[in-house]
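Data first, discussion second: the structure below is written as structure tokens.
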Amino acid sequence: MSSPSFRLPIYMMTKPIGAICNLKCAYCYYLEKKDLYPDVRNYLMSEDLLERFIKQYMESHSAPDVLFTWHGGETMMRNINFYKKAVELQKIYGKGRRIENSLQTNGTLFTDEWCRFFKDNNFLIGISVDGPQHCHDIYRKDKKGRPSFHKVMEGVSLLKKHNVDFNILGVVNNYNVDYPLEFYNFFKSIECTFIQFSPIVELINGDPAPWNVPSEKWGDFLITIFDEWVKKDVGTYYVQYFDSTLANWIGESPSMCTLAKICGNSGVVEFNGDVYSCDHFVYPKYKLGNIQDKTISEMMHSKEQLEFGTDKYDKLPQECLNCQYLFACYGECPKNRLLKTRKGESGLNYLCRGYYKFFNHVAPYMDFMKNELINQRPPSNIMHSNLVKKRGSI
């Protein structure tokens, strides 16, 4: 597959505090990134570098809307004045364009002052919550081993108090995968209408981590929640996996890079200006340069980054290329391609069986919703279809 003839829009995940966090979640893949900078004592992005980044990022966009994504480590360990400065600089270099800010946090550090700032500046807050307390506290603890659930819920209450928009990112692991409906209904109970899941797949010294979600259980997890969602929540609650699957079903680009045919347009800017190909590939091999020496456009449109993006499809094993659901996942995220196929080819996704099970289950529902969209009718009509009615009577 040759490089795309068009240029995908650039999105950058910005790390204003590097790999520093007030929690020590067992499965966190990012805290180890401090090891890339062994001689650094201060992991804070300077205001000069912030200005350079914002200027370059604005210049890399031709569209009228520009999205800034602040990520950690723990973003809110950076002083609020840093983000106030960022907003000022965005206005200066935005030249009238519409600026949006999204900030991902573990949710433990909210105050009234922070929430007023987020509301006044239209920040969308992403909170990491792994479900109800018994699910969340299993792996998401502070550095003294204390659970974090109650602190996070206090933070959610503050966001609601100030009417700050938020969504949820829930990591699915070997424990909470057994509680799909409890997981889903919990997020509904805290009035979160946009829900994201992220299956944990990591290696420790070359072996699968004990908290990895088992592949087939991952499929069962998605199916159980889908069956609940398709009965009564389509158009009211937005589950990113289901929306992205439908996008692929109708031939549109999904919002999830993991399910897209090509990736590589979502890079990472570290606290010191280093740029990497992807948040899951912050390794020396995937370093594209530094914004003090090259522009974001140069790095993100470089030959190396374009190849990184097209390799997602080009390096799939033949078993994936022959799969009837290739169009639905394109081998999912390259970081999870840890297995060999039955014929011994490398590159099979760790979660392949689960995804196949899920896609096979949802196929008739996706076909129905696709037909509704083609005929300019709402996909939520699926809730009143014979497909759902028949299932409800079983």
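The values are calculated or read from the model by the stated rules, or taken from the named source; none is laboratory data. Treat the numbers as computed from the prediction; the structure is a model and nothing was measured. Don't worry about glycine lacking a Cβ; one is built from the backbone with ideal geometry, like all the others, and counts go over all protein chains shown. Side chains included, ligands, DNA and RNA excluded: accessible areas come from the protein's heavy atoms. Shrake-Rupley method; radii C 1.70, N 1.55, O 1.52, S 1.80 Å.
Of all residues in the stretch 125-152, exactly one satisfies the criterion of being within 23 Å of W70 (Cβ to Cβ), open to solvent by 10 Å² or more (accessible area, probe 1.4 Å) and among the acidic types (D, E), namely D142.
For the subset of the stretch 95-111 comprising residues that are hydroxyl-bearing (S, T, Y) and outside any loop (DSSP other than H, G, I, E, B), which member is least open to solvent (accessible area, probe 1.4 Å)?
As a first pass, look at the stretch 95-111 and keep what is hydroxyl-bearing (S, T, Y): 102, 105, 108, 111.
Okay, now just the ones that are also outside any loop (DSSP other than H, G, I, E, B), so 102, 105.
On the way: S102: 28, T105: 4 Å².
Here the residue is T105.
In the stretch 329-350, the residues that are more than 26 Å from A247 (Cβ to Cβ) reach residues that are basic (K, R) with C-beta atoms within less than 6 angstrom, at least six apart or across chains, in these pairs: S346/K340. Residue-level analysis places L339 outside the set of residues that are over 29 Å from Y238 (Cα atoms), touching a strand residue (DSSP E or B) at 6+ places or on another chain (Cβ under 7 Å) and open to solvent by less than 60 Å² (accessible area, probe 1.4 Å). Of all the criteria given as (1) out of contact with any helix residue (DSSP H, G or I) (no Cβ under 6 Å at 6 or more places or on another chain); (2) free of Cβ contacts under 8 Å to residues at least 40 places away in the same chain; (3) not in a loop (DSSP other than H, G, I, E, B), the one not satisfied by E307 is (2).
Scanning the stretch 62-94 for residues that are in contact (Cβ under 8 Å) with a residue 12 or more places away in the chain, surrounded by fewer than 19 Cβ atoms within 10 Å (Cβ to Cβ) and assigned to a loop (DSSP other than H, G, I, E, B) yields a count of 2.
Open to solvent by less than 10 Å² (accessible area, probe 1.4 Å), among the aromatic types (F, W, Y), in contact with a Cys (Cβ under 9 Å, 6 or more places away or on another chain) and at pLDDT 95 or above: is that true of F187 in this structure? Before the answer, list the steps.
Details: open to solvent by less than 10 Å² (accessible area, probe 1.4 Å): yes; among the aromatic types (F, W, Y): yes; in contact with a Cys (Cβ under 9 Å, 6 or more places away or on another chain): no; at pLDDT 95 or above: yes.
The answer is no for F187.
Within the stretch 124-135, residues that are more than 11 Å from Y179 (Cα to Cα) sit with their Cβ atoms under 8 Å from residues that are part of a strand (DSSP E or B) and among the charged types (D, E, K, R), at 6+ positions apart or across chains, in these pairs: L124/E100.
Note on the stretch 245-268: among residues that are open to solvent by 30 Å² or more (accessible area, probe 1.4 Å) and hydrophobic (A, V, I, L, M, F, W, C), the one that is farthest from N79 (Cα to Cα) is I250. The set of residues in the stretch 16-54 being assigned to a helix (DSSP H, G or I) and touching a residue at least 60 places away in the same chain (Cβ under 8 Å) consists of K33, L36, L49, R52, F53.
Given the options D311, D293, name the one that is open to solvent by 80 Å² or more (accessible area, probe 1.4 Å) and over 29 Å from P180 (Cβ atoms).
Result of the check over D311, D293: D293.
Consider the stretch 112-122 and keep the residues that are hydrophobic (A, V, I, L, M, F, W, C) and surrounded by fewer than 22 Cβ atoms within 10 Å (Cβ to Cβ). The one that is nearest to E154 (Cα to Cα) is C115.
I'd like to verify a number: residues in the stretch 153-164 that are open to solvent by 40 Å² or more (accessible area, probe 1.4 Å) and not hydroxyl-bearing (S, T, Y), how many?
At the first step, the residues of the stretch 153-164 found to be open to solvent by 40 Å² or more (accessible area, probe 1.4 Å) are 154, 157, 160-161, 163.
Remaining after also requiring not hydroxyl-bearing (S, T, Y): 154, 160-161, 163.
Looking only at that region, the number is 4.
The residue list N167, N176 contains one member that is in contact (Cβ under 8 Å) with a residue 24 or more places away in the chain, touching a Cys at 6+ places or on another chain (Cβ under 8 Å) and surrounded by 22 or more Cβ atoms within 10 Å (Cβ to Cβ), which is N176.
Taking the stretch 346-394 as the range and being open to solvent by 70 Å² or more (accessible area, probe 1.4 Å) and part of a loop (DSSP other than H, G, I, E, B) as the test, the residues that pass are N375, Q376, R377, S393, I394.
From F197, F221, F242, F226, grab the single residue that is within 22 Å of A328 (Cβ to Cβ), touching a Phe, Trp or Tyr at 6+ places or on another chain (Cβ under 9 Å), buried (at least 18 other Cβ atoms within 10 Å of the Cβ) and at pLDDT below 95. Spell out how you get there, then give the answer.
Details: F221 fails: at pLDDT below 95; F242 fails: at pLDDT below 95; F226 fails: at pLDDT below 95.
Just one listed residue meets the conditions, F197.
All of (1) under 13 Å from V172 (Cα atoms); (2) part of a loop (DSSP other than H, G, I, E, B) hold for V234 with one exception: (1). For F271, the criteria (1) within 30 Å of D293 (Cβ to Cβ); (2) among the hydrophobic types (A, V, I, L, M, F, W, C); (3) surrounded by fewer than 19 Cβ atoms within 10 Å (Cβ to Cβ) hold in every case but one, which is (3).
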